[in-house]
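Read through the structure below, which is laid out as structure tokens, and then see the notes.
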């Protein structure tokens, strides 16, 4: 899910598959150590926007303009 935060448990290189393997654990709202991060994300990305608009903005910030445009157009067609 967009906005999910994971804690990295382990990182290692697999010589057999020639790839890096990352073991992660999904963090939740209950995790007190991450409360500040969750609050920042909620304040930064939830200005009464729908999911499509928020997702479009994140894609735009990532430089994926064509993909962002698709979500902005879907958002406009909802109204």
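The values are calculated or read from the model by the stated rules, or taken from the named source; none is laboratory data. None of these values were measured; they are calculated from a predicted model. Cβ placement follows ideal geometry from the backbone for every residue including glycine, while neighbour counts extend to all protein chains displayed.
Descriptive notes on the structure:
- Residue within the stretch 64-76 that is at pLDDT 85 or above, more than 17 Å from residue 4 (Cα to Cα), assigned by TED's automatic domain parsing to the domain that holds residue 4 and in a loop (DSSP other than H, G, I, E, B) present: no
- Inclusion of residue 36 among residues that are surrounded by fewer than 14 Cβ atoms within 10 Å (Cβ to Cβ), at pLDDT below 80 and in a loop (DSSP other than H, G, I, E, B) is not warranted.
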